[in-house]
Amino acid sequence: MKISFLTHCLPSQDSHGAAETCYSLIKEFSAKNHEVSLIIIADENEYDLAKNEKADIKKYVKSFKVFQIPKRKNILQEILRNPFNFFVPDENILLPSASLEKEVIEELNKNNSDVAFIYHWIAAAPAMNSNIPKLLITGDLVHMPFETRILHREKLGIEIVYSIKFFFTAIGTFWLGYHLRKQMIKIIKKAQAGGSFGFYDANWIKKRGYKQSTYYKTALEDTNINFSLSNFEFDKKKKFKIITALSNLQSTSTLSGLVFLFEEVLHRIKKNIGEENFEIHVIGKGKLPKSISHFANDKNIIMRGYVENLNEEFNTADLVLIPTAIFLGFRCRIINALAQGACTVIHHYDAINQPEVIHLKNCLVGKNGKEISELVLKAFHDIELRKKIRTNARTTYLENFHPKVATPLILQTLKDIVKINEAV
């Protein structure tokens, strides 16, 4: 097949979840001899990354085109200019990428592809009126990051300053969220097939009117092909190494996990294990917000910053801690941990979108600071449990998320909608 692949970021390894997922899919499509034309519809930050002339993904695609999304218009000004926008806003107010529709459809027509695979709502907005058959698989529900930063500011370590500006920001955020919910369903109904890489999200879409919404398992490159329990140390004499964050420290999911860890878990771990027996390595770009910046000086915390070889960190860690303390969506970092055969402790919010995660089988799942700290203590003492979880985690990845396992359903769906389109 000739596939136009639309996404909102530069597909790449050792990046964020969306970029790694897209990289894995394109590489597998190419390995199956499908011709891929890549179209990136990116905001300012992703656009700068996508201009990389030496990007590895170019080895796997026939063509490579990048569009930059204009900045979001001032919502209040747009409503004042045209009050009707309050009730039925223009698409490019909700998703600014929609303003690129003409250019994106022209590129799709130029590619002359059989079908389009679209990742994320941002990439979908300017493409859905194209005549090409489309499969849209989404990442997180697009309204959630906006609302989360208003509803859960304390859990994100963001200072709460009640003011007129905050009042109008909050109103604008929930107004945007209300219309984005409707817009997402409007968009996906134009796709011949679609769903989400998150189980909960796929059902959310289905309940709101897109009945064929499907849960697709995330395809991620195998980052530990030489997995063996013999590669890991289980020596109690050394300090217990915990790694956490593993992403941009300013991202909503990572920030919530760090605030939760520092304020609700850390002191309990110190009491349970002993300050002299463990260290927590915080890995990722960016700085801690002011409210928790003092934890950088804690003797049990090691701020590592960006790490070139993340695989080495997984291999040398006794425990991986990914406690996203608010419900956001699905987290690719958990799949990375499964692929590594890591012993991982997560918050139950991270299990909602990934039913493959099973407490005490391939992961340790807690609901609050007390439970999470007790699970860390349990893993600290129980070497056999850690070995069991490592083995089962690796098996879970191989049986569910390896590209050779997760990609066939996607490719078959693409083939099916091409056939249906040809028959019409």
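The values are calculated or read from the model by the stated rules, or taken from the named source; none is laboratory data. All values reported here derive from a predicted model rather than from experimental measurement. Neighbour counts are summed over all protein chains in view; Cβ atoms, including those assigned to glycine, are modelled from backbone coordinates with ideal geometry.
Exactly one residue out of K367, K378 is charged (D, E, K, R) and more than 23 Å from the chain's Cα centre (by Cα), and it is K378. I want to confirm something. Restricting to region 278-303 and keeping residues that are hydrophobic (A, V, I, L, M, F, W, C) and part of a strand (DSSP E or B), which single residue is nearest to the chain's Cα centre (by Cα)? Among residues in region 278-303 that are hydrophobic (A, V, I, L, M, F, W, C) and part of a strand (DSSP E or B), the one nearest to the chain's Cα centre (by Cα) is I283. Looking at (1) in contact with a Leu (Cβ under 8 Å, 6 or more places away or on another chain); (2) part of a helix (DSSP H, G or I), find the lone condition where L80 falls short. In the conditions (1) in contact with a Leu (Cβ under 8 Å, 6 or more places away or on another chain); (2) part of a helix (DSSP H, G or I), L80 misses (1) alone. Of the set (1) assigned to a helix (DSSP H, G or I); (2) farther than 30 Å from H294 by Cβ, all apply to K211 but (1).
Evaluated against (1) small (G, A, S); (2) closer than 20 Å to F240 by Cβ; (3) modelled with pLDDT under 95, A423 falls short on exactly one condition, (2).
Taken as a whole, the condition of being touching a Ser or Thr at 6+ places or on another chain (Cβ under 8 Å), surrounded by fewer than 19 Cβ atoms within 10 Å (Cβ to Cβ) and closer than 30 Å to I150 by Cβ does not apply to N272.
In region 322-363, how many residues are surrounded by fewer than 24 Cβ atoms within 10 Å (Cβ to Cβ), outside any loop (DSSP other than H, G, I, E, B) and modelled with pLDDT of 95 or more? Residues meeting the conditions: 1. Out of the residues in region 149-168 meeting the condition of being surrounded by fewer than 15 Cβ atoms within 10 Å (Cβ to Cβ) and among the β-branched types (V, I, T), tell me which one is modelled with the lowest pLDDT. In this case the residue turns out to be I160.
Whenever a residue of region 72-88 is in contact (Cβ under 8 Å) with a residue 24 or more places away in the chain and under 19 Å from F146 (Cα atoms), its partners that are of a type outside the set (A, V, I, L, M, F, W, C) and part of a helix (DSSP H, G or I), lying with C-beta atoms within less than 6 angstrom and at least six residues away or across chains, give the pairs R72/P96; I75/G172. Taken across region 309-320, residues that are farther than 30 Å from F401 by Cα, charged (D, E, K, R) and touching a Lys or Arg at 6+ places or on another chain (Cβ under 6 Å) do not occur at all.
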